[in-house]
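> Pasting in a structure now, in structure tokens, and then I'll have a few things to ask.
The values are calculated or read from the model by the stated rules, or taken from the named source; none is laboratory data. Every value quoted in this text rests on a predicted model; they were computed, and no experiment measured them. Glycine also receives a Cβ, built like all others from the backbone with ideal geometry; neighbour counts cover every protein chain displayed.
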Amino acid sequence: MFVLFAGLPGIRSATFLDEFPVDHFYHFALLSTALRFLHVVPMSKGSVQVAQVLLDNFGRTLPNLYNIQECTYNSHALLHLPSQVLDHGSLSFTSAFVFEAFIAHLKNLYSGTRGNPKQMVKKLGICQSYKGYVSQKCKEVPNAARLAQRLLNEKSNTRCVGGGIHLHEPMQHKKLVGFQGVLSQVLGCAPDTGYMVFFRMTKAHITFHSTMYSRIGNSCSYIVHLHLNGNDMYAKVVCYILHQNLAYALVLQYHLTGVNVCEGLPPPQDVVLQEIVRKKIVGQHFLEAQEKKHPLIVKATVEEALLPI
């Protein structure tokens, strides 16, 4: 999270306030930008070559900025990441974090010390097909079958839509002050009778929130990356809409100004880094974005995918 996303903008703010050395900021920008290149899907040989140049300069300037003692095996191993990506694919597919994060769930699937694999397999199977499993076990007793059917039905505040999309917690359309006219114009109908508005959406086992959702906590899943008409864009979800059994998202699109996160700072002392910064190679994945005032309604289908950032 820090290296790929939060680190560079955060350190840039500290650098702008003279709380972090400029040369150290550009040094970290080499690492952050290189790893972003190596995470790109699909992989591009040209981007891997650029990442190799950035990591080579990261290792070259490391002893001058921090000390020779920091030139450890870990820093040397970074130089071999591009070749590993060429051999095995993007770093997005070679990370083991997803398996590490699932260990806690696996530990809850067994008890005792005997037959643990069998216990986990059985409980995983029940989790994946629990509705059919419970219905099968209760079908011999009419009262139990009716109770199971009532408990297994979707909650009243959830609507199932085509494509495996679920919309959660309907909201009053009156809360959408300033957007009601746009919705009626685009959808061609009045609220409540023609469409419903929801706070959250689940799609492909991923839950998306909206800015209207009050219990979002620290989650930022209302900012999405969407693919529309062959173009990639970023947007903030205001709410989700159900119209004629189709799911839509009311979003406010972000406009990328093209201003790089590394711009506006003094140049580095190293001559090679000066050329890299001048060509806007470092920090190119971190561009300034401005929110557009005009809302946009997009389909929340698989083809026009909404992806969390």
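> In the set Glu291, Glu263, which member is acidic (Asp, Glu), at pLDDT 80 or above and not in a loop (DSSP other than H, G, I, E, B)?
Going through Glu291, Glu263 in turn, the sole match is Glu291.
> So, one more: For His227, work out the one condition from (1) over 16 Å from the mean Cα position of the chain (by Cα); (2) not in a loop (DSSP other than H, G, I, E, B) it doesn't fulfil.
Status for His227: all satisfied but (1).
> I'm told Thr33 meets every condition in (1) of a type in the set (Val, Ile, Thr); (2) in contact (Cβ under 8 Å) with a residue 60 or more places away in the chain; (3) loosely packed, with under 13 Cβ neighbours inside 10 Å except one. Can you identify the failing condition by its number?
(3)
> How many residues are surrounded by 14 or more Cβ atoms within 10 Å (Cβ to Cβ) and in contact with a Gly (Cβ under 9 Å, 6 or more places away or on another chain) if we restrict to region 10-25?
1
> Is it true that Gln269 is in a helix (DSSP H, G or I), modelled with pLDDT of 90 or more and among the polar types (S, T, N, Q)?
Against the criterion (in a helix (DSSP H, G or I), modelled with pLDDT of 90 or more and among the polar types (S, T, N, Q)), Gln269 does not qualify.
> Follow-up. Picking from Leu124, Leu38, which residue would you name as being touching a residue at least 24 places away in the same chain (Cβ under 8 Å) and not acidic (Asp, Glu)?
Leu38
> When His225 is evaluated against the numbered criteria (1) within 14 Å of Leu296 (Cα to Cα); (2) crowded, with 20+ Cβ neighbours inside 10 Å, which criterion, by number, is the only one it fails?
Single failed check for His225: (2).
> Would you point out the residue of region 178-217, among those that are under 16 Å from His166 (Cα atoms) and over 19 Å from the mean Cα position of the chain (by Cα), that is surrounded by the most Cβ atoms within 10 Å (Cβ to Cβ)?
If we filter region 178-217 for residues that are under 16 Å from His166 (Cα atoms), which is where we start, we get 195-210, 213.
Going one step further and asking which of them are over 19 Å from the mean Cα position of the chain (by Cα), we end up with 195-198.
Numbers: Tyr195: 20, Met196: 16, Val197: 28, Phe198: 23.
The residue in question is Val197.
Yes or no, residue by residue, for (1) part of a strand (DSSP E or B); (2) among the charged types (D, E, K, R); (3) modelled with pLDDT under 85; (4) in contact with a helix residue (DSSP H, G or I) (Cβ under 9 Å, 6 or more places away or on another chain):
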residue	(1), (2), (3), (4)
Ile216	no, no, yes, no
Ser221	no, no, yes, no
Ala235	yes, no, no, no
Cys239	yes, no, no, yes
Ala247	yes, no, no, no
Leu252	yes, no, no, no
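> Name the residue, out of Gly132, Gly112, Gly125, that is more than 30 Å from Val3 (Cβ to Cβ), of a type in the set (Gly, Ala, Ser) and either part of a loop (DSSP other than H, G, I, E, B) or assigned by TED's automatic domain parsing to the domain that holds Gly46 (or both).
When all the criteria are applied, what remains is Gly112.
> Another question, if that's okay. Looking at the structure I just gave you, is Val277 outside the structural domain of Thr33 (by TED's automatic domain parsing), on the phi < 0 side of the Ramachandran plot, assigned to a helix (DSSP H, G or I) and exposed (fewer than 15 other Cβ atoms within 10 Å of the Cβ)? Quick ask: steps written out before the conclusion?
On the way: outside the structural domain of Thr33 (by TED's automatic domain parsing): yes; on the phi < 0 side of the Ramachandran plot: yes; assigned to a helix (DSSP H, G or I): yes; exposed (fewer than 15 other Cβ atoms within 10 Å of the Cβ): no.
No.
> Determine, yes or no, whether Ser210 is in contact with a Pro (Cβ under 6 Å, 6 or more places away or on another chain), part of a loop (DSSP other than H, G, I, E, B) and not assigned by TED's automatic domain parsing to the domain that holds Ala29.
Values: in contact with a Pro (Cβ under 6 Å, 6 or more places away or on another chain): no; part of a loop (DSSP other than H, G, I, E, B): yes; not assigned by TED's automatic domain parsing to the domain that holds Ala29: yes.
Against the criterion (in contact with a Pro (Cβ under 6 Å, 6 or more places away or on another chain), part of a loop (DSSP other than H, G, I, E, B) and not assigned by TED's automatic domain parsing to the domain that holds Ala29), Ser210 does not qualify.
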